[in-house]
Amino acid sequence: MPPLDPADAAPIEAFLDAAWASQVLAKATLTSYRSDLQGLARWLRAGSRMPLPQARPQDLFDHLAMRAE
């Protein structure tokens with residue numbers, strides 16, 4: 001998998017910070033969310049060169065379908 005683009009890392013961390021602050025998530029949950037979001041961001045960049053913040057719902061569905069194969 002390609003390395004994580006720094007432009008995708010910032011929104012992932014901002015989301016995780018907000019999720020933790022509003023829901024006080026466990027460290028393991030945050031680690032899982034981070035891993036999943038980083039995988040999605042890498043997949044988007046490798047396929048369409050699209051940054052994570054521009055992803056559409058269909059992009060997420062396509063990623064999930066690919067992972068289920």
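The values are calculated or read from the model by the stated rules, or taken from the named source; none is laboratory data. What you see is a predicted model; the values in this text were computed from it and never measured. Ideal geometry is used to build each Cβ from the backbone, glycine not excepted, and the neighbour counts take in all protein chains shown. Heads up: the accessible areas ignore ligands, DNA and RNA and are worked out on the full protein's heavy atoms, side chains in. Shrake-Rupley method; radii C 1.70, N 1.55, O 1.52, S 1.80 Å.
What number comes out for accessible area per residue over region 14-69 if the probe is 1.4 Å? Units Å², please.
On the way: 3940 Å² over 56 residues.
Accessible area per residue, region 14-69: 70 Å².
Among the protein heavy atoms of the chain, carbon and sulfur supply 60% of the accessible surface, probe 1.4 Å, non-protein parts ignored. Once the Kirkwood radius over Cα pairs is known for the chain, the Stokes-Einstein relation at 37 °C and 0.692 mPa s delivers a diffusion coefficient of 261 µm²/s.
Helix 6-23 and the longest principal axis of the Cα set of the chain meet at an angle near 40°.
The slack in the chain from residue 23 to residue 10, taken as 0.36 nm per residue of separation less the alpha-carbon distance, amounts to 2.7 nm. A simple count of charges around residue 34, restricted to other residues whose Cβ falls under 12 Å of its Cβ and scoring Lys, Arg +1 and Asp, Glu -1, yields -3.
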